[in-house]
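K.L.:
Okay, here's the structure, questions in a sec.
The values are calculated or read from the model by the stated rules, or taken from the named source; none is laboratory data. Keep in mind that this is a model prediction, so the values were computed, not measured. Cβ placement follows ideal geometry from the backbone for every residue including glycine, while neighbour counts extend to all protein chains displayed.
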There are 6 protein chains.
Amino acid sequence: MSRIDGRTPDQLRPVTIERGWSKHAEGSVLVSFGDTKVLCTATVTEGVPRWRKGSGEGWVTAEYSMLPRATNTRGDRESVRGKIGGRTHEISRLIGRSLRAVIDYKALGENTVVLDCDVLQADGGTRTAAITGAYVALADAIAWAQAKKIVKPGRKPLTGTVCAISVGIVGSVPLLDLRYEEDVRADTDMNVVCTGDGRFVEVQGTAEAAPFDRRELGALLDLATAGCENLTALQLEALARTLGE
Amino acid sequence: MSRIDGRTPDQLRPVTIERGWSKHAEGSVLVSFGDTKVLCTATVTEGVPRWRKGSGEGWVTAEYSMLPRATNTRGDRESVRGKIGGRTHEISRLIGRSLRAVIDYKALGENTVVLDCDVLQADGGTRTAAITGAYVALADAIAWAQAKKIVKPGRKPLTGTVCAISVGIVGSVPLLDLRYEEDVRADTDMNVVCTGDGRFVEVQGTAEAAPFDRRELGALLDLATAGCENLTALQLEALARTLGE
Amino acid sequence: MSRIDGRTPDQLRPVTIERGWSKHAEGSVLVSFGDTKVLCTATVTEGVPRWRKGSGEGWVTAEYSMLPRATNTRGDRESVRGKIGGRTHEISRLIGRSLRAVIDYKALGENTVVLDCDVLQADGGTRTAAITGAYVALADAIAWAQAKKIVKPGRKPLTGTVCAISVGIVGSVPLLDLRYEEDVRADTDMNVVCTGDGRFVEVQGTAEAAPFDRRELGALLDLATAGCENLTALQLEALARTLGE
Amino acid sequence: MSRIDGRTPDQLRPVTIERGWSKHAEGSVLVSFGDTKVLCTATVTEGVPRWRKGSGEGWVTAEYSMLPRATNTRGDRESVRGKIGGRTHEISRLIGRSLRAVIDYKALGENTVVLDCDVLQADGGTRTAAITGAYVALADAIAWAQAKKIVKPGRKPLTGTVCAISVGIVGSVPLLDLRYEEDVRADTDMNVVCTGDGRFVEVQGTAEAAPFDRRELGALLDLATAGCENLTALQLEALARTLGE
Amino acid sequence: MSRIDGRTPDQLRPVTIERGWSKHAEGSVLVSFGDTKVLCTATVTEGVPRWRKGSGEGWVTAEYSMLPRATNTRGDRESVRGKIGGRTHEISRLIGRSLRAVIDYKALGENTVVLDCDVLQADGGTRTAAITGAYVALADAIAWAQAKKIVKPGRKPLTGTVCAISVGIVGSVPLLDLRYEEDVRADTDMNVVCTGDGRFVEVQGTAEAAPFDRRELGALLDLATAGCENLTALQLEALARTLGE
Amino acid sequence: MSRIDGRTPDQLRPVTIERGWSKHAEGSVLVSFGDTKVLCTATVTEGVPRWRKGSGEGWVTAEYSMLPRATNTRGDRESVRGKIGGRTHEISRLIGRSLRAVIDYKALGENTVVLDCDVLQADGGTRTAAITGAYVALADAIAWAQAKKIVKPGRKPLTGTVCAISVGIVGSVPLLDLRYEEDVRADTDMNVVCTGDGRFVEVQGTAEAAPFDRRELGALLDLATAGCENLTALQLEALARTLGE
């Protein structure tokens, strides 16, 4: 069985990580996983939310959103409807938790980084692309804050790297990095967030059509772990480039 | 190491499932996992949401909420704030997906069941108690709909049973069914939704303090699977009782 | 003419007042007037709303809500609709005013008590049950605050007791404590809030089907006054029991 | 004791009822009770709300609002805050119920009348002025609908007249038609809605500072009944004038 | 060609400016342009919005709204819909900008003036009537603030006068001060805000049916400039009268 | 005097119009005016809003929004605040009106085109870039609808072209196409929307710091007319390219 775009089951789509996309943000990345394109900007502000003041610790949070026509049919704007939907809430929270997993709050000091992940075009895997790109934007923003001495000299707020990938079982076959058309046909769908050293930050598996057993779960985790290893390499490679090249 | 309430690591809290709690709802259960108490009511209405009309298929959905003083400090009402928070959205969606995993939409016909899960008192594990109790309320509501011929004779909308439990790693020890005080100290926290035949409907593991590895994930799934087996037995036992006893 | 449940016109439904229902709240009562069940919790917080700061005086307020399936047909959640309905607002305000009628703000000091009255099951008279139960929760919360010295020693924030009952004219007969089925058939409907010494805090009479005259108003007030006398006795009896029995 | 404006305790403020204020509305009245000025417009539309369709019966409803600077200090607009306050809800509902007390829904047919009562200037008694003025606007709107044959020939949707007045106990003295400065000093405050034949549609008494007894309640009702008799005469007088004079 | 009300193309409707309409507001004007009637109140408060604190400069802002039945068919209240519409936002912002054009913030000191412009009856030109009336209310409010020494002695916060008029091309003829029926038939519609010395504060021309050329634009500006000259005279005349006459 | 980026007063920034940016939308353009970048997508749906049904005429509307970090400091998301701000409303309405100026509703038939204009990066002139880009996206979407026979054969819904540019007076010098830093220093700011044949669709001039006279208005219109001529040529050039090149 071959996939719609000819990939092997364990193959990522072409991934690009374009740093410095925005002239305003402290960190910004246009990340693409195939036709999925997400603009991730990182905003550094001094100070923390009220409930954290005086703690000496920083905060990192995220907001995810989709442009109305990022998808095949146009969705209403959440600003027009006057409220944020459950899916948006869920993904924003996931991105925030994932990035906080590699943050040392003490080292960050009482500063806040907000990651805005806006999906410009969607073709499956928007949340995993968002996490993967947001990490790079976060790294650039923290480097900026270190250069500006907003983060105290010698402090290293980042304790590691983090990336994410989707996996799923489509017609009994475990596949890596699902496109939209694969995603809708998946029996089981899983999003896995990993650190660069191969441990798990989040594992979210959902039986869409049929419950899954321990063996299937294992196969999906194998795929995801290997996929994240590749993504980690791509993140490091992107960060190794001089900004502006 | 012993747990704050003297349980062994693989022991559930006392679980009670009180059916027929409400005189109005088609199905209703007051479920308790220790001090966590959730009132689950199932409402059957003929007809389905607009996007499903004419499909011949039914729909099952859920809404989760917490009373303001279900917790140790009072939380603002979401109705007063004018919007639903991300956590509430996330859990409502999880409960709905979990119950839909055991529903045959065709057999249900164009009818809708809404599960309302209102937490009267919280002490950890409110979402897992909600799923476990909601299943029993759903089963009663479907039996009611069958008796009323709202579901066509001979049709079996329920394809199995479903329940859920939380597990977590606290001080390196994997524990089953965390109380609130254990939950806040957990390094890793996982909610697992299982069918009665031991397969997974949802696996949601989150690294709260430290990323987890494959071995730890395995230990947590072992605990959860055994816990769900016990919950399934308690659900069946509750459903075997004559309503009103 | 006999009533649907065999009561005499001036007879209350069975009333139960279960104190200490919640392990978290400073005061909590599950009150039932027949099949109407309301969970009332009292939350004490130090400090007062902004407009009252520096006054040396405390504040007492209330929020009323109904679970979606507390009634015979399911109602939409106000949190989902994103706004609070007029009826909810009206009753929340009534409960707050009623309880404030027996509060000495100076004696309370700059502390706030919030009464949450959540209707778990409705069968008429939810607002009167809420007021009656909330008073008992308030009394427990104030006793707690006195024990904790949050209220200064020797201060008595409660100046009396308060309870409430509904009355109405159904088929020309004035009736006490209407059930839902009586309520919908009533020509006139009145809610009366009394202090323990038999004076009025609120009198809200509404002609549902036909305007009422002075004589009918008098008959309803007679019934209500006697009903409140009974409720006062039940409140005092409940408060005389040791908490936890 | 004399009142701030020299009135006797049982004296109304100067009341004016200016019909035909608006060139657009089917009925419109600028009513003033002293310095309280309320613009009441009645809008007739064919058809009824969804829940009433096919019943053959009409509907009457009301919306009350205050201009931001109708009062001594500016209040935020409810449109800007994005939600309607409890007080506004409460009064809108009261006005609607009061007017419906004199409506024969069958005779009205499947038509709706909306009464908009906008307070242009407030000095106590805005809700009672609104009810009194809205009745006259309603009467004009119904006459218009009869002339246009929207109401079927021979049908009389109005079964009587309705008006309202406030009363209160200020410094032990029962007073009629309180101005704002009297209202804030009142121990007890009552709004009474009467039909033209002297019966009660609503009696809403509230102990602001001290509970009231049966004798005080009686004195207030006496005052209100007499006041409403006067208002009824003023309403009939206004309606007897040819529109446009 | 004569206009529906017999005016010449360059003729204003009868304009009245009634000062001191409200007993509460620091400045208040009931302005009418023919059947268009707008109540403008000016509220002075000490202090400025947060973003302006410590600047030593004041602020002037405006809120525009229409009563639901100001127009021929009833519009929903924005408070009931829970949000402010685009047209309301746009006009509120226009009024605020127009008035700020004649304000010396330094001279005003850290004080805020809010102009509320509520349309009681609409017949075209509500925004231009609002600006014209609001200026007069603002002038009265500033005089009040000067008398109360809220504005420091010798300071002149007003640097000039401002008024506004609508113009449009209807059936190839440029017309001044359009009534509603003219407005809906206009090919081009323009609102012009002028200072008393004949310069422009805002020029907003919109092609409703057909784009317009430079010559047509010129003709409209000629009309508007002359109309504003007349309005300026009427404003000054109104302000020259002793308040209360 | 030279401009910050070395342009002459009557010179546009580099303008790029990238068609076919999105794989989902019927028309899509990434337009840039210097560092201002706006993604414009056009969505065609069969059918029209309720108020237009059965008219045989189509509808075109627009929604404008800015990503939170499109600007130098991060702005709150309107979806998170739960309401749309006045500026957003105003610009969305302007874009919609501008595009409708070149639409023949009858030729479009009962179809709707929604233009989404999302500012990815802002540096002044976002609304004029949005209009200019949206026209091209609209042209592509209409060509698509013609090819799909959603628009009837032989019908030409587009009656011309439309584009927009900002002009302003900075330090007494009239300038074309202001960058953000010029915009904030402008005394007068004007947005001009022109058709391809050089007539005006919208002229919105605002005195930011000082009122402007007729001569200044003339100079600004001269600049804008010439600028729009250039933009029209760029639009036609972009549309002449084969999509996908």
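K.L.:
Scan (1) at positive phi; (2) modelled with pLDDT of 95 or more for the single condition C:GLY171 breaks and write down its number.
P.N.:
(2)
K.L.:
Select from segment D:193-216 the residues that are free of Cβ contacts under 8 Å to residues at least 24 places away in the same chain and among the hydrophobic types (A, V, I, L, M, F, W, C) and list them in ascending order.
P.N.:
Hits for segment D:193-216 are D:PHE200, D:VAL203, D:ALA207, D:ALA209, D:ALA210.
K.L.:
While we're looking at this one, here's another question. Has segment E:46-53 got at least one residue that is more than 30 Å from E:LEU176 (Cα to Cα), modelled with pLDDT of 95 or more and of a type in the set (Val, Ile, Thr)?
P.N.:
yes
K.L.:
Looking at segment E:48-59, is at least one residue out of contact with any Phe, Trp or Tyr (no Cβ under 7 Å at 6 or more places or on another chain) and touching a residue at least 60 places away in the same chain (Cβ under 8 Å)? Before you say what the answer is, go through the steps one by one.
P.N.:
Of all residues in segment E:48-59, those out of contact with any Phe, Trp or Tyr (no Cβ under 7 Å at 6 or more places or on another chain) come to E:50-51, E:53-56, E:59.
Next, from what is left, pick out any that are touching a residue at least 60 places away in the same chain (Cβ under 8 Å): none.
No.
K.L.:
Considering only residues that are of a type outside the set (Val, Ile, Thr), buried (at least 17 other Cβ atoms within 10 Å of the Cβ) and farther than 25 Å from F:LEU220 by Cβ, which ones fall in segment F:1-36?
P.N.:
F:ARG19, F:GLY20, F:TRP21, F:SER22, F:HIS24, F:ALA25, F:GLU26, F:GLY27, F:SER28, F:LEU30
K.L.:
Within segment E:157-178, count every residue that is crowded, with 20+ Cβ neighbours inside 10 Å, farther than 24 Å from E:ARG97 by Cα and of a type outside the set (A, V, I, L, M, F, W, C).
P.N.:
1
K.L.:
Considering only residues of segment A:47-78 that are in a loop (DSSP other than H, G, I, E, B) and of a type in the set (A, V, I, L, M), which is surrounded by the fewest Cβ atoms within 10 Å (Cβ to Cβ)?
P.N.:
Here is the first cut: in segment A:47-78, the ones in a loop (DSSP other than H, G, I, E, B) are A:47-49, A:53-58, A:67-77.
Retained after the next criterion (residues that are of a type in the set (A, V, I, L, M)): A:48, A:67, A:70.
On the way: A:VAL48: 20, A:LEU67: 24, A:ALA70: 26.
The qualifying residue surrounded by the fewest Cβ atoms within 10 Å (Cβ to Cβ) is A:VAL48.
K.L.:
Then there's this: Conditions first: (1) within 14 Å of chain A (Cβ to nearest Cβ); (2) surrounded by fewer than 19 Cβ atoms within 10 Å (Cβ to Cβ); (3) modelled with pLDDT of 95 or more; (4) out of contact with any helix residue (DSSP H, G or I) (no Cβ under 6 Å at 6 or more places or on another chain). B:ARG81 passes all but one, so which condition is the exception?
P.N.:
Every listed condition holds for B:ARG81 apart from (3).
K.L.:
Something else now. Select from segment D:113-130 the residues that are more than 7 Å from chain E (Cβ to nearest Cβ) and under 15 Å from E:SER79 (Cβ atoms) and write down the one among them that is nearest to the chain's Cα centre (by Cα). Show your work before the answer.
P.N.:
Step one: of segment D:113-130, the residues more than 7 Å from chain E (Cβ to nearest Cβ) are D:113, D:115, D:117, D:119, D:122-130.
Still in the running and under 15 Å from E:SER79 (Cβ atoms): D:117, D:119.
Details: D:CYS117: 8, D:VAL119: 11 Å.
Taking the candidates together, the pick is D:CYS117.
K.L.:
Hey, among the residues in segment B:60-75 that are touching a Ser or Thr at 6+ places or on another chain (Cβ under 6 Å) and in contact (Cβ under 8 Å) with a residue 12 or more places away in the chain, which one's farthest from C:GLN121 (Cα to Cα)?
P.N.:
From segment B:60-75, those touching a Ser or Thr at 6+ places or on another chain (Cβ under 6 Å) are B:62-64, B:69, B:74; that's our starting set.
Still in the list and also in contact (Cβ under 8 Å) with a residue 12 or more places away in the chain: B:62-64.
Values: B:ALA62: 19, B:GLU63: 17, B:TYR64: 17 Å.
Among them, the one singled out is B:ALA62.
K.L.:
Hey, does segment A:176-191 have a residue that's more than 16 Å from A:CYS163 (Cα to Cα), among the β-branched types (Val, Ile, Thr), more than 8 Å from chain B (Cβ to nearest Cβ) and in contact (Cβ under 8 Å) with a residue 12 or more places away in the chain? Reasoning before the result, please.
P.N.:
First pass over segment A:176-191, keeping only residues more than 16 Å from A:CYS163 (Cα to Cα): A:179-189.
Next cut, among the β-branched types (Val, Ile, Thr) only: A:184, A:188.
Filter once more, so that each one left must be more than 8 Å from chain B (Cβ to nearest Cβ): A:184, A:188.
In the following step, the residues that additionally are in contact (Cβ under 8 Å) with a residue 12 or more places away in the chain were identified as A:188.
Yes - at least one qualifying residue is present in segment A:176-191.
K.L.:
Can you tell me which of (1) closer than 30 Å to A:ARG100 by Cβ; (2) out of contact with any Pro (no Cβ under 9 Å at 6 or more places or on another chain) is the one B:THR188 doesn't meet?
P.N.:
Going through (1) closer than 30 Å to A:ARG100 by Cβ; (2) out of contact with any Pro (no Cβ under 9 Å at 6 or more places or on another chain) one by one, B:THR188 breaks only (2).
K.L.:
If you don't mind, another one. Give me a count of the residues in segment C:84-105 that are of a type in the set (S, T, N, Q) and either surrounded by fewer than 23 Cβ atoms within 10 Å (Cβ to Cβ) or in contact with a His (Cβ under 6 Å, 6 or more places away or on another chain) (or both). Write out each step before concluding.
P.N.:
So the first thing to find is which residues in segment C:84-105 are of a type in the set (S, T, N, Q), and the list is C:88, C:92, C:98.
Those left that are additionally either surrounded by fewer than 23 Cβ atoms within 10 Å (Cβ to Cβ) or in contact with a His (Cβ under 6 Å, 6 or more places away or on another chain) (or both): C:88.
The total comes to 1.
K.L.:
Given the structure, is B:VAL136 surrounded by fewer than 24 Cβ atoms within 10 Å (Cβ to Cβ) and closer than 30 Å to A:VAL203 by Cβ? Spell out the reasoning first.
P.N.:
Values: surrounded by fewer than 24 Cβ atoms within 10 Å (Cβ to Cβ): no; closer than 30 Å to A:VAL203 by Cβ: yes.
Answer is no for this residue.
K.L.:
Considering each residue of segment B:84-107, count those that are within 7 Å of chain A (Cβ to nearest Cβ) and of a type in the set (D, E, K, R), and give that number.
P.N.:
Residues in segment B:84-107 being within 7 Å of chain A (Cβ to nearest Cβ) and of a type in the set (D, E, K, R): 3 in total.
K.L.:
Please enumerate the residues belonging to segment A:64-78 that are of a type in the set (D, E, K, R) and within 12 Å of chain B (Cβ to nearest Cβ). Steps first, please.
P.N.:
Looking only at segment A:64-78, we keep the residues that are of a type in the set (D, E, K, R), and these are A:69, A:74, A:76-78.
A:GLU78 - this is the single residue of segment A:64-78 that is of a type in the set (D, E, K, R) and within 12 Å of chain B (Cβ to nearest Cβ).
K.L.:
Filter segment E:93-109 for residues that are touching a residue at least 40 places away in the same chain (Cβ under 8 Å) and part of a helix (DSSP H, G or I) and give the result.
P.N.:
E:LEU94, E:ARG97, E:SER98, E:LEU99, E:ARG100, E:TYR105, E:LYS106, E:ALA107, E:LEU108 - these are the residues of segment E:93-109 that are touching a residue at least 40 places away in the same chain (Cβ under 8 Å) and part of a helix (DSSP H, G or I).
K.L.:
State which residue pairs qualify: first residue more than 11 Å from chain A (Cβ to nearest Cβ) and closer than 24 Å to F:GLY124 by Cα and inside segment F:20-45, second residue assigned to a strand (DSSP E or B) and of a type outside the set (Val, Ile, Thr) in any location, beta carbons under 6 Å apart, and separation of 6 or more residues or different chains.
P.N.:
F:VAL29/F:ARG19; F:VAL29/F:CYS40; F:VAL38/F:CYS117
K.L.:
If you don't mind, there's one more thing I want to ask. Just the residues that are assigned to a strand (DSSP E or B) and small (Gly, Ala, Ser), please, taken from segment B:11-46.
P.N.:
Step one: filter segment B:11-46 for residues assigned to a strand (DSSP E or B), giving B:15-19, B:27-33, B:36-46.
The answer is B:GLY27, B:SER28, B:SER32, B:ALA42.
K.L.:
Please find, among C:ALA25, C:ALA42, the residue that is at pLDDT 95 or above, among the small types (Gly, Ala, Ser) and within 13 Å of the chain's Cα centre (by Cα). Explain how you work it out, then say what you get.
P.N.:
Working: C:ALA25 fails: within 13 Å of the chain's Cα centre (by Cα).
Result of the check over C:ALA25, C:ALA42: C:ALA42.
K.L.:
Check D:TRP144 against each of (1) surrounded by fewer than 21 Cβ atoms within 10 Å (Cβ to Cβ); (2) in contact with a Gly (Cβ under 6 Å, 6 or more places away or on another chain) and name the one condition it does not meet.
P.N.:
(2)
K.L.:
Among the strands (runs of 3 or more DSSP E) confined wholly to segment F:110-226, which include 2 or more residues that are hydrophobic (A, V, I, L, M, F, W, C) and closer than 22 Å to F:SER92 by Cβ?
P.N.:
Fully inside segment F:110-226 and qualifying: F:111-121, F:162-170, F:188-195, F:200-207.
K.L.:
Right, next: Restricting attention to segment D:192-244, and to residues there that are under 28 Å from C:SER98 (Cβ atoms), surrounded by fewer than 21 Cβ atoms within 10 Å (Cβ to Cβ) and small (Gly, Ala, Ser), which single residue is farthest from the other protein chains (Cβ to nearest Cβ)?
P.N.:
D:ALA219
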